[in-house]
Amino acid sequence: MELRKLEFLREVARSGSFKQAAEAMYVSAPALTKGIQALEQELQVTLFDRKRGRPLLTPAGQKVLVRARRMLDEAQEIQADMARERGLETGELRVGCGPIVMQNVMGRALGKLSVRHPGLRVRVVAGNWETLSQQLEDYALDLVAADIGQARNKPKFKVLHLEQESLVWIAGVNHPLAGAKNIKMTELLRYPLALPTPPTHMSEWLVQRYGAEIATPLTEPGIRSDSYTTLISAVRRSQCLSVLPDSLAHYLESGGEIIILQVRDWAMSSHAGIITLATRAPSAAIDVMARALVESSVDIKTEGATG
């Protein structure tokens, strides 16, 4: 089965016209029609209903189109992977990044990568686990570095864990809770919260640990953003409270930008990792990106232990 014929099928289905499809594929209309007919003969099915003027996919055609899109996407990925394999000097790596990894690990990893493989282009897309995982499945991303969410329970994903890090509560330096000891969770809820989107497993843990009355404001805060830059800015300029990875919080506190709160009965850690599709072919570019991320997370953990 020739991929070119599958491209003809995809383009006719997209444009709804044999003529427009032929123009888009830079072939004559007769050549495209002949290609579709050859595919129908090969599969022994009718792919398009041509009786109504505009070609419409038959039920069989719809099924073939789904498979065709997958095959064409995979073929494109093979070409991209092989380009990266040739010394990692060509191609582009598309990385999805959650807020914890984006703020704390990704910058270090990109720095390592730029030194080791300066010819490799990397495009980073920010988001939360739910949106990034869908883009990964759609082949819009090569890997995702984020809270692993439900990926650990799904065989279609391969997960490589990053170092865990404690999450701590922060406030502005002039906040009423500054200097307070053993703060209760109920005391935190007296103030507006600015938090990232919690993954499903974290929301479930909060409910189990604190009950719905406390968990609900944490999972549905007044301000929600998957950008820690935005959350930190809100905390510094108001009485909002937020949660940050321990290393980042201590860095900001040392610069006099925020304070770390001492909260009683709070013990939550990040569970970030590198997620790829289990069925995806091996890629040298993905491997070097993953290695840089793992090394960076270890560096952060080591600095926290010695600092």
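Within region 11-39, the residues that satisfy the criterion of being among the small types (Gly, Ala, Ser) and more than 15 Å from Asp49 (Cα to Cα) are Ala21, Ala22, Ala24, Ser28, Ala29, Ala31, Gly35, Ala38.
Tally up the residues in region 22-36 that are over 33 Å from the mean Cα position of the chain (by Cα) and part of a helix (DSSP H, G or I), please.
Filtering region 22-36 down to residues over 33 Å from the mean Cα position of the chain (by Cα) leaves 22-23, 26-36.
Subsequent filtering for residues that are part of a helix (DSSP H, G or I) retains 22-23, 29-36.
Qualifying residue count, region 22-36: 10.
Scanning region 181-190 for residues that are in contact (Cβ under 8 Å) with a residue 60 or more places away in the chain and within 35 Å of the chain's Cα centre (by Cα) gives Ile183, Lys184, Met185, Leu188. There is no residue in region 268-279 that is under 21 Å from Gly127 (Cα atoms), part of a helix (DSSP H, G or I) and modelled with pLDDT of 90 or more. Do we have Glu74 as among the charged types (D, E, K, R), over 30 Å from Ser225 (Cβ atoms) and either modelled with pLDDT of 90 or more or under 22 Å from the mean Cα position of the chain (by Cα) (or both) here? Yes: the conditions hold for Glu74.
Scanning region 244-257 for any residue that is at pLDDT 85 or above and at positive phi turns up at least one such residue. A single entry from Leu88, Leu47, Leu3 fulfils the requirement of being farther than 30 Å from Pro198 by Cα and at pLDDT 90 or above: Leu47. Can you find even one residue in region 35-57 that is in contact with a Lys or Arg (Cβ under 8 Å, 6 or more places away or on another chain), under 28 Å from Thr279 (Cβ atoms) and not charged (D, E, K, R)? Yes, region 35-57 has at least one match.
Of all the criteria given as (1) more than 28 Å from Glu303 (Cα to Cα); (2) outside the structural domain of Leu136 (by TED's automatic domain parsing), the one not satisfied by Pro155 is (2).
Per-residue answers, yes or no, for (1) loosely packed, with under 12 Cβ neighbours inside 10 Å; (2) in contact (Cβ under 8 Å) with a residue 24 or more places away in the chain; (3) in contact with a helix residue (DSSP H, G or I) (Cβ under 9 Å, 6 or more places away or on another chain):
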| site | (1), (2), (3) |
| --- | --- |
| Phe8 | no, yes, yes |
| Val12 | no, yes, yes |
| Met25 | no, no, yes |
| Phe48 | no, yes, yes |
| Gly53 | yes, no, no |
| Pro59 | yes, no, no |
| Gln62 | no, no, yes |
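Of Glu40, Glu7, all but one fail to be part of a helix (DSSP H, G or I), farther than 30 Å from Ile286 by Cα and not assigned by TED's automatic domain parsing to the domain that holds Asp142; the exception is Glu40.
In region 156-163, the condition of being within 9 Å of the chain's Cα centre (by Cα) and farther than 27 Å from Leu261 by Cα is met by no residue.
Put simply, of Leu293, Leu241 the only residue that is touching a residue at least 60 places away in the same chain (Cβ under 8 Å), buried (at least 21 other Cβ atoms within 10 Å of the Cβ) and in the same structural domain as Leu93 (by TED's automatic domain parsing) is Leu293.
The values are calculated or read from the model by the stated rules, or taken from the named source; none is laboratory data. Just so we're clear, the structure is a prediction, and the values are computed from it rather than from any experiment. So basically every Cβ, Gly included, is an ideal-geometry build from the backbone, and we count neighbours across all protein chains shown.
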